[in-house]
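Okay, so here's the structure we're looking at.
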Amino acid sequence: MIDKSLNEPVNSLDEDYIMRVIRQNYLSDSTVTIHLIGLYGAENRRQYEQRFIKRELQASLYHGLGNTQNGVLGIVLPDLYNAVYCGSGICPKCGNSHNYVYINDSTTIKEFSYNYYIPKLNKCSWGEEDRFCVLVKWEDFVKNPEFYIEQAFQKRNADISNYTRLRP
């Protein structure tokens, strides 16, 4: 693993330029982006706090000249387990039992949540093949990081990668 984090802001107000610099200078040779999901990374927090996370994920999801789309691995930090993993219940739409995983504006940013729960008509639950982003608890990730990184890497060429969005 090679850390390609953007540790300092790109000195510009031009969003296109900022995104191009992030893609070219930080992400062009990376294949998987790890997104830590914790107490301060939700969409419903102030936009100013989220701007770096959003830009890195947008650049990671971009697929174009000189830049291939990264797989995205979301790691839920322990402080957020109870907000994200909420047990199971009977679905009012289909009557089957589903696990409740709250990946939404209260737990993460739209660039992750949209690409985790890619909207499909008449769906009340998503299988692994219906999600681009991979999600794992921190405690499971540290036991076998290569497994989860490989899952995210494989998503880059899966059919679902055709349905991702940079700016939902």
For region 118-168, which positions are at pLDDT 95 or above, aromatic (Phe, Trp, Tyr), over 14 Å from the mean Cα position of the chain (by Cα) and open to solvent by 40 Å² or more (accessible area, probe 1.4 Å)? 138, 147
Out of 28, 60, report the one residue that is among the small types (Gly, Ala, Ser) and surrounded by fewer than 20 Cβ atoms within 10 Å (Cβ to Cβ). 28
I'm trying to understand the selection: among the residues of region 32-51, which are modelled with pLDDT of 75 or more, open to solvent by 50 Å² or more (accessible area, probe 1.4 Å) and in a loop (DSSP other than H, G, I, E, B)? 39, 40, 44, 45
Options 137, 143, 110; residue that is in contact with a strand residue (DSSP E or B) (Cβ under 6 Å, 6 or more places away or on another chain) and either touching a residue at least 60 places away in the same chain (Cβ under 8 Å) or over 27 Å from residue 167 (Cβ atoms) (or both): 137
Hits in region 68-85 - residues which are open to solvent by less than 10 Å² (accessible area, probe 1.4 Å) and either among the aromatic types (Phe, Trp, Tyr) or within 17 Å of residue 145 (Cα to Cα) (or both): 70, 71, 72, 73, 74, 75, 76
From 88, 106, grab the single residue that is in contact with a Phe, Trp or Tyr (Cβ under 8 Å, 6 or more places away or on another chain), of a type in the set (Ser, Thr, Tyr) and either open to solvent by 50 Å² or more (accessible area, probe 1.4 Å) or part of a loop (DSSP other than H, G, I, E, B) (or both). 88
Which of the residues spanning region 112-151 are of a type in the set (A, V, I, L, M, F, W, C) and under 23 Å from residue 51 (Cα atoms)? 112, 118, 132, 133, 134, 135
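The values are calculated or read from the model by the stated rules, or taken from the named source; none is laboratory data. Everything numeric here is computed off the predicted structure, so don't read it as measured data. Glycine also receives a Cβ, built like all others from the backbone with ideal geometry; neighbour counts cover every protein chain displayed. Ligands, DNA and RNA are excluded from the accessible area calculation, which covers all protein heavy atoms including side chains. Shrake-Rupley method; radii C 1.70, N 1.55, O 1.52, S 1.80 Å.
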